[in-house]
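Take a look at the structure below.
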Amino acid sequence: MNDAHPDTKLEIPFVGRWHYSRAEMIADGIVHAVGIVLAIAAGSTFLALAAFHSGPGEYVAAVFYVVSLLTVLSVSLAYNLWPVSWPAKWILRRFDHAAIYLLIAATYTPFLAQLDNSPLALPMIVIVWSAATAGIAIKMFLPGRYDRLAIVFYLAIGWSGVALAGPLVERLPTTSVALLVAGGIVYSCGVVFFAWKGLRFHNAVWHGFVVTGAGLHLAAMVDCLVVNRF
């Protein structure tokens with residue numbers, strides 16, 4: 001999720017610098033490792049419990065979220081720790097940035113699936129996934145371009161659910177809504193550290209916000225699809 005100076009032999013459409021010390025790389029690796037372990041443990045437990053309390057569509061959406069979360073963390077770990085001089089790093093960069101859109105859309109789906117009585121639910125799912133697909137395409141086929149605009153696009157898609165705030169508050173449990181909003185706030189605050197390139201350990205801090213935000217959203221799903229189904 002960071003820019004670096006590309007090998008001059010490669011045609012990379014972006015320019016950046018890679019300044020991370022060994023300590024920063026280790027810290028970032030630890031954050032990713034903790035996130036992956038927690039995602040596997042909490043995600044598998046959640047899916048095991050949700051299998052008995054959710055409908056087929058809801059369960060598929062829940063599985064997709066857990067898989068997307070593990071994909072994002074794993075690809076991010078590989079990209080951020082990969083040697084900057086290796087060409088494969090630039091391929092990993094495409095997948096790393098594209099995976100963020102996948103996670104955003106996958107996060108929305110289990111909650112929007114609860115709004116089966118709202119005429120806006122299906123259009124919202126289509127809009128979110130269409131926007132995410134467009135973002136993924138840009139990151140994959142136009143790497144390094146529109147990076148600043150992409151941050152705005154991430155946030156715009158992430159907070160687009162405000163358009164359905166009424167139905168969501170009405171349909172979802174109060175705790176689920178609180179956790180969902182808290183996760184969005186944590187992600188948004190983390191963007192500050194993502195952009196704060198001059199701050200030491202900023203990358204590890206940013207990924208710490210990502211793990212925390214994802215954890216809050218997973219907790220919201222547990223509350224919605226498991227706790228409130230007993």
- Task: State whether one or more residues within the stretch 95-110 are surrounded by fewer than 16 Cβ atoms within 10 Å (Cβ to Cβ) and in a helix (DSSP H, G or I).
- Result: no
- Item | Number of the exception - Val186 against (1) at pLDDT below 95; (2) under 13 Å from the mean Cα position of the chain (by Cα); (3) of a type in the set (Val, Ile, Thr); (4) buried (at least 17 other Cβ atoms within 10 Å of the Cβ) | (1)
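Of all residues in the stretch 165-176, which are in a helix (DSSP H, G or I) and either in contact (Cβ under 8 Å) with a residue 40 or more places away in the chain or within 18 Å of the chain's Cα centre (by Cα) (or both)?
Pro167, Leu168, Arg171, Thr175, Ser176
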- Message: Only one of Val162, Val210 is in a helix (DSSP H, G or I), at negative phi, of a type outside the set (Gly, Ala, Ser) and surrounded by 21 or more Cβ atoms within 10 Å (Cβ to Cβ). Can you tell me which?
- Response: Val210
- Which one of these does Thr71 not meet: (1) surrounded by 21 or more Cβ atoms within 10 Å (Cβ to Cβ); (2) among the polar types (S, T, N, Q); (3) within 30 Å of Asn228 (Cα to Cα)? (1)
- Please enumerate the residues belonging to the stretch 43-60 that are more than 12 Å from Asp223 (Cα to Cα) and either in a helix (DSSP H, G or I) or touching a Ser or Thr at 6+ places or on another chain (Cβ under 9 Å) (or both). Gly43, Ser44, Thr45, Leu47, Ala48, Pro56, Gly57, Glu58, Tyr59, Val60
- On the given criteria, is Lys139 over 24 Å from Val186 (Cβ atoms), crowded, with 17+ Cβ neighbours inside 10 Å and touching a residue at least 24 places away in the same chain (Cβ under 8 Å)? no
- What residue, of Ala134, Ala150, Ala220, is aliphatic (A, V, I, L, M), surrounded by 19 or more Cβ atoms within 10 Å (Cβ to Cβ), in a helix (DSSP H, G or I) and within 18 Å of the chain's Cα centre (by Cα)? Ala220
- Message: Please go through the stretch 80-107 and give me each residue that is touching a residue at least 24 places away in the same chain (Cβ under 8 Å) and farther than 28 Å from Ser160 by Cα, ordered by number.
- Response: Asn80, Leu81, Val84, Ser85, Pro87, Lys89, Trp90
- Using the structure shown, decide if Leu122 is loosely packed, with under 13 Cβ neighbours inside 10 Å and over 20 Å from the mean Cα position of the chain (by Cα). yes
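The values are calculated or read from the model by the stated rules, or taken from the named source; none is laboratory data. Nothing here was measured: the structure is a model prediction, and the numbers come from that model. Because the Cβ atoms are built from the backbone with ideal geometry, glycine has one as well, and the counts that use them run over all protein chains shown.
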